[in-house]
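Trainee: Pasting a structure here, questions to come.
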Amino acid sequence: MKFLRQFGIILLISFLGEVLYVLLPFPIPAGIYGIIILFSGLQTGMVSLSSVKETSDFLIEIMPMMFVPAAAGLMDSWQAVKGDLLPYAVITVITTCAVMIVSGRVVQFGVRRDRHE
């Protein structure tokens, strides 16, 4: 029952993200709104870590399985993709590096901030 309650909390937050996506005129994905809501709730104490921890750990563990349908879809449309493989590879490398750099900088900022408090 605990897992159902935790999953319900995560689904509710995701739903609120979807609602914000529909209501607000910004080009921000609904998942980002949901992440911001969850982060804000955790920071303010409105959502306790223990109220979502086990289910979120489970979802993180099975995350690689969520990419299987996308990979199968890519294999299904290989003929359309194969002509533009080089641009896709370049974009993938550039965006991967950008995400790693930005993530590293954010973590460094957080570590420095924690040391000063």
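Read the figures in this text as sums done on the coordinates, not as results from a lab. What you see is a predicted model; the values in this text were computed from it and never measured. Glycine also receives a Cβ, built like all others from the backbone with ideal geometry; neighbour counts cover every protein chain displayed.
Trainee: On the given criteria, is G31 within 30 Å of V81 (Cα to Cα) and small (G, A, S)?
Mentor: Details: within 30 Å of V81 (Cα to Cα): yes; small (G, A, S): yes.
Judged against the criteria, G31 is a match.
Trainee: Let me ask something else about it. Return only the number of the condition from (1) without any contact (Cβ under 8 Å) to a residue 12 or more places away in the chain; (2) within 29 Å of G110 (Cβ to Cβ); (3) surrounded by 10 or more Cβ atoms within 10 Å (Cβ to Cβ) that F7 does not satisfy.
Mentor: If we test F7 against (1) without any contact (Cβ under 8 Å) to a residue 12 or more places away in the chain; (2) within 29 Å of G110 (Cβ to Cβ); (3) surrounded by 10 or more Cβ atoms within 10 Å (Cβ to Cβ), just (1) comes out false.
Trainee: I would also like to ask the following. Any residue at all in segment 84-101 that's surrounded by fewer than 10 Cβ atoms within 10 Å (Cβ to Cβ) and without any contact (Cβ under 8 Å) to a residue 60 or more places away in the chain?
Mentor: Applying the first criterion (surrounded by fewer than 10 Cβ atoms within 10 Å (Cβ to Cβ)) to segment 84-101 yields 86-87.
So of that shortlist, the ones also without any contact (Cβ under 8 Å) to a residue 60 or more places away in the chain come out as 86-87.
There is at least one residue in segment 84-101 that is surrounded by fewer than 10 Cβ atoms within 10 Å (Cβ to Cβ) and without any contact (Cβ under 8 Å) to a residue 60 or more places away in the chain.
Trainee: Using the structure shown, decide if K53 is among the basic types (K, R), surrounded by 10 or more Cβ atoms within 10 Å (Cβ to Cβ) and touching an Asp or Glu at 6+ places or on another chain (Cβ under 9 Å). Break it down into steps so the answer makes sense when it comes.
Mentor: Details: among the basic types (K, R): yes; surrounded by 10 or more Cβ atoms within 10 Å (Cβ to Cβ): yes; touching an Asp or Glu at 6+ places or on another chain (Cβ under 9 Å): no.
It is false that K53 is among the basic types (K, R), surrounded by 10 or more Cβ atoms within 10 Å (Cβ to Cβ) and touching an Asp or Glu at 6+ places or on another chain (Cβ under 9 Å).
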